[in-house]
Structures are given as C-alpha cells and as structure tokens.
Amino acid sequence: MRRPSTHDAIVIGAGPAGASLALLLARRGWAVAIVEKNAFPRRKVCGEFISASNLALLDRLEIGEAWRADAGPEIRRVGLFSGQIRVEAPMPGARYGPKAKDGFGRALGRDMLDFLLLRAAQSAGAEIFQPCRAVVIDHDGDMQAVRIQARDEHFRGEATSLRAPVIVAAHGSWEPGPLPSQFEKASHPSDLLGFKAHFTGSSLSPDLMPLLLFPGGYGGMVLADHGRMSISCCIRRDMLARLRSKLGSGPDGRLSAADAVFRHIMASCRGVSDALGEARLDGPWLAAGPIRPGIRTCYEKDIFRVGNAAGESHPIIAEGISMALQSSWLLATELAGAPSGRAGREAAGRRYQAAWRGLFLTRVYAATAIARMALGPGGPALVGAAVRNFPQALTLGAHISGKTRTIPGLG
C-alpha cells in the first residue's frame, strides 16, 4: 500500500453533489480529494433537468456560462401525458439576476454536466482519484483513513490510503457497498427501478417538460443538449416482471427489461408515442436502482452526506440534480466556519441537517404524495382526470417542488 496522503476533506463520489462540494471547498483553500469509481464522461440514469433556481449557484461555481452554452432550450411549460390525456400549463419562472428577470430551467446530459463540474473542481485544486473505489473507512485519531483501490475489471488495483478529518459521502443511494454510509442490498416487489435513454428526431415541443404517468410507474421527457431528447422513468419491480412475462421473448429468448418498459410507456401514453414516432434511439438504454426516496441522517458515524446519500425525493418532481447541488452548498457553508475537531464537525452536522430539512422537506413530502397517487390503483387515470379539469395544478406542483425557491445565502 502506498504512503497515506493527507487532505482537509475526502469526497466519495464525483456526481453533481460531490464535485460541486469539492469545488466549493477547494475555492475556500481546502485540500480536497475526490474518489470516483467510474471514468468520465459517462452516461447515468437521471432526468437531467436543472431548475432555474440553481442559476445563481451555477454562476457561483463559475460554470454558469459553460452550462448555458450547451444546455437545451428553456422549459417554459410543464405537462402531463397519461393515456389519451395531454395537458399543458405554464412553468413558473424563477427570479434571478440584477434585473430580476424571469428564468427557466434547462437540461444538460449527465455525461456533460458531471465532466464540467469535475473539471472545474480539479482546476480549483481538488485532487482526483479516478477510477477508484473507496473500500474502507477507519478512524485514525482525529483523522479518518479511507482506503481506495484503483479500478480494473474487478476493482483489484493497487490500494492507497487517504487521510482527512472530514469525510463526505456523495456516492448516491442506488448501489450497495462496504462503507458505513452505503445501504444494504434488498429486493421488494414494490421497488422502483430506474430507466433512461436519449433519442434524436423527437417531435416533443422544445419548451415542454411533460410528466408521464402509466400503470405501475411514472417518468418524464425533456429536450436536452445537442438535440437529444431525454426520457427517464421509474417502474415497480412487480409490474416489470408482469410486463416481461406478458410481452413474450426477444431475439435472445427473453425481452429485455428496457424494451418491456419502453413498449409499456409507448402503449400507455399517447403523448409519448406521438413524440417518439419518428425518433431514433441515441445510445443504449440505461438501468439502475432501486431508488430510495426518503429523508436520511445528514451526519452519522463521523461522515457527512450530500445528494441522494443525504436524502432524495421521488424523481416524479424532477428535482434530483437541484437537491444535489443545493445540499452541497449548504454543507460547504457549514464546514467553512466549523472549528476543527470532532466537536466542531458534530456541530456543523447538526446545523447542516437543520438547513437541509428547512430547504428540502416540503419537496420530499410533496413528491411522496404525488408518487403515491400516481402509483396507486387507477392512479394515472385519476390524476389525469384531475389535471385535465385543473391544469393549473401542474404550475402549482412546480412551485411546491422547489423550482422557484431561493437558495439560502445566494439571493
């Protein structure tokens, strides 16, 4: 094993939460290490939409202009596609900028966004260990030691030890692992599994982001960068099993999970079939999960958590990237003024958790309520009928989900 390398903070995971936190801390003069198990750029299951409420933060991270240069068109309308129902309503604008102009969210592929953030963190001075996997976290006096392993096909590369007083879990919640901050693997019929693909040649209106409701699941569509249309969805494990059994075999003897989900959505949402009738798949379907919506402890066992590791809403409200970026801003703010030592970290953890809940509880609860309605018996039809009679509910839902909420300290 190589000689331990010492830093002020070690961030495990280089998605939007981890890379933005590392960037913010490095700009404050911290010596930061980022451990990321995958090589970039890489595609990832994600809706890819970023609300306009994050524009001030992107500018503070000094990637705002680069993001604007590549992101898709402004999303000025929110919609619902369910069965034969197609409903649209205005997307609420966020107040941002010296002239308080209305702003609207846009979408950028995760292959581009994550690379952009990580490159900015590295330019700010963060040290990148990639592709490497964190396999053990041990206490070492007032420091903590993270053993990482260079990744080959079986994660059997040379081991290295990193030391820092501050450890941040930014590894998401979908994949199990050996770290105290990771979750045990479990399988339940009600699990929601995530799927995502890009298409080109879609006829989806450029400024529209529809919510998709179908039996056993929900999803969304949005036009992202370079003409790519992103479609992402979640479906119950038991529904997916029934679909694969019902739809029969594919060329290899069994219909793939992604093909079964796509056929189901196309048959269940006329708006989707209309938008993708002449479209072409751009790259393979991706799958991940199960997703783990809920509120977790932001600081536990001397490890801070950001992004989905800290807590996540149902993706039905398309706020995953926003919550990742904003949670990192909250944590960086608390860490910047925290005294050294475990007592200082614990106090910062308490303040961070209070700030996290103050900013995110409403959207987590709102997303849970909407998802339960959508996933319940007859849910798509009931929600569709209600929204058809009251389209303003879509605009109201965008407000409640946090798409116009100012980030503390960035107003």
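The values are calculated or read from the model by the stated rules, or taken from the named source; none is laboratory data. All figures in this text were calculated on a predicted structure; none of them were measured in a lab. Cβ: placed from backbone, ideal geometry, glycine included. Neighbour counts: every protein chain shown.
Checking each residue in the stretch 341-360 for being aliphatic (A, V, I, L, M) and either closer than 20 Å to MET91 by Cα or at pLDDT 95 or above (or both) picks out ALA347, ALA348, ALA354, ALA355, LEU359. Where helices (runs of 4 or more DSSP H) sit wholly within the stretch 319-411, those with at least 2 residues that are more than 26 Å from TRP30 (Cβ to Cβ) and among the hydrophobic types (A, V, I, L, M, F, W, C) occupy 342-375, 379-389, 392-400.
Per-residue answers, yes or no, for (1) in contact with a Gly (Cβ under 7 Å, 6 or more places away or on another chain); (2) of a type outside the set (Lys, Arg); (3) at pLDDT 95 or above; (4) buried (at least 24 other Cβ atoms within 10 Å of the Cβ):
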{"site": "GLY289", "(1), (2), (3), (4)": "yes, yes, no, no"}
{"site": "GLY294", "(1), (2), (3), (4)": "yes, yes, no, no"}
{"site": "THR297", "(1), (2), (3), (4)": "no, yes, no, no"}
{"site": "ASP302", "(1), (2), (3), (4)": "no, yes, no, no"}
{"site": "GLY307", "(1), (2), (3), (4)": "yes, yes, yes, yes"}
{"site": "ALA310", "(1), (2), (3), (4)": "no, yes, yes, yes"}
{"site": "HIS314", "(1), (2), (3), (4)": "no, yes, yes, yes"}
{"site": "SER328", "(1), (2), (3), (4)": "no, yes, yes, yes"}
{"site": "PRO339", "(1), (2), (3), (4)": "no, yes, no, no"}
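Out of curiosity, is PRO206 surrounded by fewer than 19 Cβ atoms within 10 Å (Cβ to Cβ) and under 21 Å from VAL306 (Cα atoms)? Break it down stepwise before answering.
On the way: surrounded by fewer than 19 Cβ atoms within 10 Å (Cβ to Cβ): yes; under 21 Å from VAL306 (Cα atoms): no.
Taking the combined requirement at face value, the residue does not satisfy it.
Within the stretch 1-24, the set of residues being among the basic types (Lys, Arg) and in a helix (DSSP H, G or I) is empty.
Under the condition of being modelled with pLDDT under 95 and assigned to a strand (DSSP E or B), the residues counted in the stretch 186-235 number 0. Cβ separations smaller than 7 Å between residues 6+ apart or across chains give the following pairs from the stretch 113-125 residues that are part of a helix (DSSP H, G or I) to residues that are of a type in the set (Asp, Glu): ALA120/GLU62.
Residues checked against (1) farther than 30 Å from PRO176 by Cβ; (2) touching a Leu at 6+ places or on another chain (Cβ under 6 Å); (3) in contact (Cβ under 8 Å) with a residue 12 or more places away in the chain; (4) not hydrophobic (A, V, I, L, M, F, W, C):
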site	(1), (2), (3), (4)
GLY271	yes, no, yes, yes
ILE291	no, yes, yes, no
TYR299	no, no, yes, yes
GLU312	no, no, yes, yes
ALA324	no, no, yes, no
ALA336	yes, no, yes, no
ARG351	no, no, yes, yes
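Can you pull out the strands (runs of 3 or more DSSP E) entirely within the stretch 25-92 that have at least 2 residues that are touching a His at 6+ places or on another chain (Cβ under 7 Å)? Walk me through how you get there before you give the answer.
Working: elements: 32-35, 77-82, 85-90.
Ranges flagged: 32-35.
With respect to the conditions (1) touching a Pro at 6+ places or on another chain (Cβ under 9 Å); (2) surrounded by 15 or more Cβ atoms within 10 Å (Cβ to Cβ); (3) under 20 Å from SER53 (Cβ atoms), ALA374 lacks only one, and its number is (3). With respect to the conditions (1) at pLDDT below 95; (2) farther than 22 Å from CYS46 by Cα, ARG270 falls short on a single one, namely (1).
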